[in-house]
Amino acid sequence: MQHACTAPGSRNSPIILSLVREPRISCWSHIDERCAGFFALGAAKASGRPVAVTCTSGTAAANLAPAVIEAFQARVPLIVLTADRPAELREVGAGQAIDQLKLYGDAVKWFFELDPPDATIATLRWIRQLACRAYWTALDGRPGPVHLNLPLREPLVPDRPLPQDPRPGREDGAPWVRRARVSDWARVQPSVTVPPRGVIVAGRVEHATRAGEPAAAIPEAAVRLAERVGWPLLADPLSGVRHAPNAIATYDLLLRDPGLAARMRPEMVVRVGDLPTSKPLRTWLQELADVRQLAVDPDGTWQDPDAVISELDNGHPVGALDTLGSDRPPDRHWLESWRTADRAAGTALASALADELSEPLIAARLGEWLGPEVTLMCAASMPIRDLELYLPAGRPLPRVLSNRGANGIDGTVSTAFGLSAADSRAVVLLIGDVALAHDIGGLIAARRLDLPLTILVVNNNGGGIFHFLAISGEADVFEQHIATPHGLDFERAAALYGLEYERPRTVDDLGDALKRSISKEAATIIEVRTERADNLEIHRRLADAGMAALQRRVS
Ligand SMILES: Cc1ncc(C[n+]2csc(CCOP(=O)(O)OP(=O)(O)O)c2C)c(N)n1
């Protein structure tokens, strides 16, 4: 960004200070916000780059509307920075406070409301990411204005120095997130070289890209890249690459070990698709803030809660992945050390799972029971986490889908029936009892629409996930208000809605019931009963067994 316009005010003085004190930006002062807006529009037209304009709260912000509307209609990139009062000063008679949320309606490409900022290193990093995102959003595709509304609290000038960020920005003053067009780079150089010790983190890719590449082409390109450069593929079950030769399934466990996480530090990360659910993986990526992280993000969704991605390619993901390569032979030792750890953890988990019908065992065996010709819909809560933790890699697996847009437990049964209607393959739904109770009305599709579906409900009479959280210690509230046991009899639900019902009690019986139901093309509820408290213990036992094996084999 080269130009910015300011209009005077108290509430926006922190924004003015930031813009004026940045030597690479020319700041143009205006008395009237209406003029400031149109001046910014002119500067953006002439330079072809986004221009920022800032004003104070209240009608000042409303005075930018004509220029914002013109910029939207004429496709001119603007970054509108309106100062605002914090929540406690809204609608209580404080001066100059109007409703500024989505003030310009549909005349902006993006509206975003910030919190009053705290001066921490993490916030500074995030604000850099947000600035890059605002810039690229204004410019990308059809250009236009973006609106950031910034509530600011007194004091409005710094009363103490900002914290010293050990990495105050990228080297040579580059933007925090650079926009990469890897496939375009290939036009000027045959391939883009990556270092030998890298990892690919592969998450959910469900649909075709804006560039028209089919959904399945992206995981395939990720697999080709991993093999070409000899990198491990940390593969979420939703990535569609967990079957690949380089796939690492137990990353959640491996990265819990601080020593191993440090030793597995890569020189580069390529991220494909959505960010996986695993907390240890997310923490590890966050700690790699100074490692080059390239995101192949076909829909430009900025999957980066820690603001550590340094390059983002939202152009042609397949082209980008196919362009990356190396002029050196792969570092066999690097891939082998990941594989050794993965094998050690995988073997330990498999033997600790024993033959007892448990929630982790279901996740571990489901791939083998269903095979690659089945679509597996996985509910939120523990089912999706158990699959990520325990579904082994390296064998042909079902196509796994899940509602991970907003991670809700709602509508899961209906989504699965929708899949069944439109998918030529058999559909199996893995779901918890609370999620099934939530969308119990969705079962009516079995009778009214005559659709086949196998519903495997893991019934632990409540939300098992909450036993893993600190709230489980609040005994007076936990059972009734958080775990929410219901005592529903799903056999009766099956009878009411016209589904078949089975309740296997052993591992073999469950495998048989699943196979029967899939081949019958009927709607069936298969219920497995478990205990929430036991489930917590089993997860702990498995994690301990995995970690112990890692320490023995790898150290
Ligand atoms: C619509 C919606 N409401 C509430 C939640 C919060 N929530 C997350 S997990 C969960 C409990 C799920 O329990 P269950 O489906 O039985 O699975 P389990 O945890 O036992 O594996 C709830 C209520 C949510 N994610 N979505």
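The values are calculated or read from the model by the stated rules, or taken from the named source; none is laboratory data. The structure displayed is predicted, hence computed values, not measured ones. Positions of Cβ are backbone-derived with ideal geometry, glycine not excepted, and every protein chain shown enters the neighbour counts. For the accessible areas, the whole protein counts, side chains as well, though only heavy atoms, and no ligand, DNA or RNA atoms are used. Shrake-Rupley method; radii C 1.70, N 1.55, O 1.52, S 1.80 Å.
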His316 accessible area, assembled protein chains, probe 1.4 Å, Å²: 90
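For the chain, what is the relative contact order in percent, using Cα pairs closer than 8 Å and at least 6 residues apart in sequence?
Numbers: 1073 pairs, mean separation 57.3, N = 555.
Computed over the chain, the figure is 10 percent.
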Residue-wise HN-Hα coupling along the range 168-184, computed from phi with Karplus coefficients 6.51, -1.76, 1.60 (Hz; x: Gly, Pro): x, x, 6, 4, 6, x, 5, x, 4, 10, 8, 7, 9, 10, 4, 5, 6
Residue-averaged 222 nm ellipticity for the chain, from DSSP H runs of 4+ at -39500 (n - 2.57), nearest 500: -11000 deg cm²/dmol
Phi to ³J(HN,Hα) by Karplus 6.51 cos²θ - 1.76 cosθ + 1.60 over the range 403-413, Hz, x for Gly, Pro: 7, 9, x, 10, 6, x, 8, 7, x, 6, 5
Residues with amide H under 5 Å from that of Ser26, placed H, sequence gap 5 or more: His3, Ala4
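Sort Trp110, Trp176, Trp126 by heavy-atom solvent-accessible area, probe 1.4 angstrom, most to least. Intermediate results must be reported in sequence, preceding the final value.
Numbers: Trp110 50, Trp176 15, Trp126 80 Å².
Final ranking, largest accessible area leading: Trp126, Trp110, Trp176.
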Rounded tilt (10° steps) of 217-229 against the dominant C-alpha axis of the chain: 90
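Below 8 Å between Cα atoms, with a sequence gap of 6+, how large is the relative contact order for the range 264-390 in percent? Display every interim value, and only then the final one.
Details: 99 pairs, mean separation 24.4, N = 127.
This gives 19 percent for the range 264-390.
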Solvent-accessible area per residue for the range 327-433 (1.4 angstrom probe, square angstrom): 39
Accessible carbon and sulfur surface of the range 212-274 relative to its total accessible area, %, 1.4 Å: 57
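Which sequence of Glu267, Glu171 reflects their accessible areas, 1.4 Å probe, from the largest down?
Sorted by accessible area, descending: Glu171, Glu267.
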Accessible area (Å², 1.4 Å probe, nearest 10) - Ser519: 90
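Under a 1.4 angstrom probe, counting protein chains only, how are Ser351, Ser326 ranked by accessible area, largest first?
Details: Ser351 90, Ser326 45 Å².
The residues order as Ser351, Ser326, largest area first.
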0 to 90° range, to nearest 10: angle between helix 332-353 axis and the chain longest Cα axis: 50
Charge dipole (debye, nearest 20) of the chain; +1 at Cβ of Lys and Arg, -1 at Cβ of Asp and Glu: 1640
Computed accessible area, Cys35, all protein chains, 1.4 angstrom probe, square angstrom: 60
Unit charges at the beta carbon, dipole of the chain: most positive-side option, Val92, Thr530, Leu312: Leu312
Other-chain or far-sequence residues with amide H under 5 Å of Val194's (modelled H): Gly325, Ser326, Asp327
The range 397-519: relative contact order as a whole-number percent, Cα under 8 Å and 6+ apart: 23
For the range 37-53, Karplus couplings with θ = phi - 60° (6.51, -1.76, 1.60), whole Hz, Gly/Pro x: x, 6, 5, 4, 4, x, 5, 6, 4, 5, 8, x, 10, x, 10, 8, 9
For Arg178, distant residues with modelled amide H under 5 Å away: Glu311, Leu312
Cα long-axis angle, helix 65-74 against the chain (0 to 90 degrees, to the nearest 10): 70
